[in-house]
Amino acid sequence: MSSGARAIDSPQNARAKKWLALTESRGIRKHGEFILSGRKTVPEALEKHAGRFTAALARTESDLNRLSLPASIERFVLAKPVFEALDTNGTGFPLLVGKVPEMAAADFARPPKGFELVLALGDPSNLGAALRSAAAFGAGRIVLMEGAAHPFHPKALRGGANAQFGLTFLKGGDWAALEDAKGTLAALDGSGRDVETYDWPQNLRLVLGEEGQGLPPGLKAEKLSIRTTGAVESLNATVAASLALSARFRRISAR
């Protein structure tokens, strides 16, 4: 092809097999790559984070030409069945293949330097939405506990709306790792101090429990709550995180 794009017609092609694996967390972890989709997110990511990507995938050459692709990004034209299997969000827009950033282990033996949001959300859509709120309210360091969805899962990327590219991710291990955590540790809970009046410290780890299961029993953390009418038993975990992060942002900004 005149632009240097390579054609891939079969799902049995080695590259196609690898890309198909990136639609699931296991494949993302194995290959250290992810697929980004979206008519808005793909152009925005190329403009701001082009160095994170290695390949662009589309159904036609003209579709690839809609993107401002640097020479470092390989171009591929895929047969319709192959492309549609990769386009899990059904956008029809070209896809980008990127590299997952290295994630260091969180060091709970040391107090946090700044604010860290500790998440164990297993639903990738919920995790993505929480990451979007984290980016919006200045929570740049994310600790992912064991069982959390992969932050670069297609559904998490869709919910995050490119928030992932501005965040630092750390691996937190299982809940036992937090038992002797140094520094201030707080957790969202149905009972506790109101997040609106809490005097948020600059250096803090804020823990959000798993959907449905909540916080692990016996977690030694200052409990924070969100004031509601009481008409429902609890808030969606992502909504609760967003409200708490907003309260912290407003408190910190007012100082």
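Since every read-out is calculated from the coordinates, none of them should be taken as a lab result. Keep in mind it's a predicted model, so treat the numbers as computed, not measured. Don't worry about glycine lacking a Cβ; one is built from the backbone with ideal geometry, like all the others, and counts go over all protein chains shown.
Figures for the structure shown
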item: Amide H contacts of residue 116 (H built 1.01 Å from N, under 5 Å, at least 5 apart or other chain); result: 204, 205, 206
item: Scattering curve values for segment 38-176, log₁₀ I(q)/I(0), Debye with Cα scatterers, q = 0.11, 0.12, 0.19 Å⁻¹; result: -0.45, -0.53, -1.09
item: Global geometry of segment 104-253, whether rounded, prolate or oblate, following the gyration tensor of its Cα atoms and the 1.5 cut on a/c; result: rounded
item: Max mean-square fluctuation residue, GNM over the chain, Cα-Cα springs under 10 Å, options 126, 162, 13; result: 13
item: 13 Å beta-carbon shell around residue 255, net charge (K/R +1, D/E -1); result: +2
item: Neighbour-limited loop hits for GluC sites (Glu not before Pro), segment 174-248 (at most 16 other Cβ within 10 Å; DSSP other than H, G, I, E, B); result: 179, 196, 211, 233
item: The chain: relative contact order as a whole-number percent, Cα under 8 Å and 6+ apart; result: 19 percent
item: Ranked list, fewest to most other Cβ atoms within 10 Å of each Cβ, for 9, 180; result: 180, 9
item: Net +/- balance of residues flanking residue 162 in space, Cβ distance below 13 Å, scoring K and R +1, D and E -1; result: +4
item: Alpha-carbon spread of segment 6-99, three principal axes, descending order, Å; result: 30, 27, 24
item: Helical mean residue ellipticity (222 nm; -39500 (n - 2.57) per DSSP H run of 4+; nearest 500) of the chain; result: -8000 deg cm²/dmol
item: Taking all pairs of distinct alpha-carbon atoms in segment 107-169, Kirkwood radius in angstrom; result: 11.5 Å
item: Simple Cβ-charge dipole of segment 104-253, Lys/Arg +1 and Asp/Glu -1, about Cα centre, in debye nearest 20; result: 540 debye
item: For 252, 73, 28, 142, order by how many other beta-carbon atoms lie within 10 Å, fewest first; result: 252, 73, 28, 142
item: Assigned charges on the beta-carbon of Lys, Arg, Asp, Glu; the chain dipole about Cα centre (debye); result: 620 debye
item: GNM top mover of 122, 160, 114 - the chain, alpha-carbon springs below 10 Å; result: 114
item: Environment charge of residue 149, counting only residues whose C-beta is closer than 15 Å and scoring Lys/Arg +1, Asp/Glu -1; result: +1
item: Answer label for semi-axes √(5λ) of the Cα gyration tensor in Å (calculated), chosen among [x] 39, 17, 16; [y] 29, 22, 19; [z] 33, 20, 19; result: [x]
item: Segment 6-99, relative contact order in percent, only Cα pairs under 8 angstrom and at least six apart counted; result: 41 percent
item: From phi via Karplus (6.51, -1.76, 1.60), per-residue ³J(HN,Hα) for segment 12-18 in Hz, x at Gly/Pro; result: 7, 4, 4, 5, 4, 4, 5
item: At R0 = 22 Å, FRET efficiency that the Cβ-Cβ distance of residue 80 and residue 6 yields, to 0.05; result: 0.85
